[in-house]
Amino acid sequence: MRLTLIAFSIFLFIGCANDSDPVADKASFTRIYDNNKYNASFFPIDIKQTPDGGYLILGGRRIDDSSFSGIYIMKVDEFGGFVSEQEVDETFVNPIAPLLENGGNYYFFCMTSVGLQPQLFQLDAEGTLSEPISVGGSYPAAAAVDGNNFVLLSYDNLNKKTVVSVITPTGSISQAKGFSIGAGDAVEEPIISHFLRTGKQIPFLVGKTASGQYYFNGFYNYTLSLAFTNLSADEPQGVIQGQQDDGGLSQVVPLDGGKFALARFNFGDNYFLPNTSLNTSGVSSSIDLGGNPFPELIANAPVKILRVTINSKKVALYGSDTKSKQIALFGYDESTGEFIGSKYLGFSNPFEIASIVSTADGGLAICGTTFVAGRFPRICLFKLSKEAVIESFQ
């Protein structure tokens, strides 16, 4: 495996920080990471805070030798200062979210550019990569931690199936089940466009509820659906159908008591459901879920949901992209679904959200894409202090 290290020239835009106070400097800052490869394209996929207070950012990049995205990894320190970057060999492409934590290490799935076989990479807190581990299947789409293992959502293009697999950190598949997307090329077209990034980015998701039931947001029976499965029956136990690729769930996070924090989209419109029940053992439609409309968001907006505790209150924190080219955060009381506050991030350039994480100091880190000079995609990082979070979402 070849890793390319290149010199990085950084533009730093600093906000809400006191240059003479190191505590304040790392509690609140804004960074935009630019470089001298002006024709290059970088975008973040996920971020994790490391034990040293710094951050690991998993990203993608445009490459010349493949229609898929290449892999990019960046390490920054606790102040957001650039430490190192890695452009992974172009024989590995299509890194997917999230960056997974397991046993003190970090993992992510990608695939080979030839053969499209899923690969599992391990990296440490400094971003040092191990040799990749080959995993069966093709087209990895989403992943999650499942105890000491991982659960992977992938697309089997040979058999036209959405596949859910339980995979060990050594790459062994302990369970797997495939579900038909339906016959014909029309249903496959948006899936391939997603992977090539030539069309709509489908909100593929996978996970496990507290009751032990697996779920996936992917194509099943001709439409984007949220499906619940025990990985043994040939059909899902419950299905919430969308509208082909024009409607469905854009984010799903299980809450306490069997409830869910959701976001859905339908022909461009966006709706939030911060505390709702789902029928996990029957067939229903995402349209029937209703929800709070958000006309200020872009059409079919990407949505991130983070469960966080603020001033002893459990909060479902939503993040998305506005029509005014800012990143918007909306907080809801988990127990009631009541709206408790909002905050907007971004200035001058367009900004798009990629990931939100809680930080060790009680604050938040929000990673996204900005466009330098309006056209060069670059990674940005906002750090909000504990005090700023409490002020916005108490």
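Observations, loosely collected:
- Each part gets one Cα centre, and for the stretch 143-206 versus the stretch 374-389 those centres are 30 Å apart.
- Å² per residue, accessible surface of the chain at 1.4 Å: 40 Å²
- Cross-link check: pairs LYS75/LYS323; LYS325/LYS386; LYS200/LYS314; LYS208/LYS313; LYS48/LYS386 evaluated at a Cα-Cα cut-off of 28 Å; pairs beyond the cut-off: LYS75/LYS323; LYS200/LYS314.
- Using a probe of 1.4 Å on the protein chains alone, the accessible area found for ILE73 is around 10 Å².
- Sorting the segments 219-232, 199-212 by their mean number of nearby beta carbons within 10 angstrom, highest to lowest, gives 219-232, 199-212.
- For the stretch 252-280 versus the stretch 288-341, the inter-centroid distance based on Cα atoms is 11 Å.
- Taking the 1.4 Å solvent-accessible surface of the chain as the whole, the part contributed by carbon and sulfur is 49%.
- Rounded if a/c under 1.5, otherwise prolate or oblate - the chain, Cα gyration tensor axes: oblate
- The chain, helix-only ellipticity at 222 nm - DSSP H runs n ≥ 4, -39,500 (n - 2.57), divided by all residues, nearest 500: -2000 deg cm²/dmol
- Gyration tensor (alpha-carbon) shape descriptor, the stretch 208-336, a/c threshold 1.5: oblate
- Cα-based shape type of the stretch 239-296, given that a ≥ b ≥ c are square roots of the gyration tensor eigenvalues and the cut on a/c is 1.5: oblate
- A DSSP coil position with no more than 13 other Cβ atoms inside 10 Å describes the following trypsin sites (Lys or Arg not before Pro) in the stretch 286-349: LYS323.
- Taking every alpha-carbon pair under 8 Å whose residues sit at least 6 apart, the chain reaches a relative contact order of 11 percent.
The values are calculated or read from the model by the stated rules, or taken from the named source; none is laboratory data. Being a predicted model, the structure only gives us computed values, none of them experimental. Cβ: placed from backbone, ideal geometry, glycine included. Neighbour counts: every protein chain shown. To get the accessible areas, we keep the full protein, side chains included, count just its heavy atoms, and leave off ligands, DNA and RNA. Shrake-Rupley method; radii C 1.70, N 1.55, O 1.52, S 1.80 Å.
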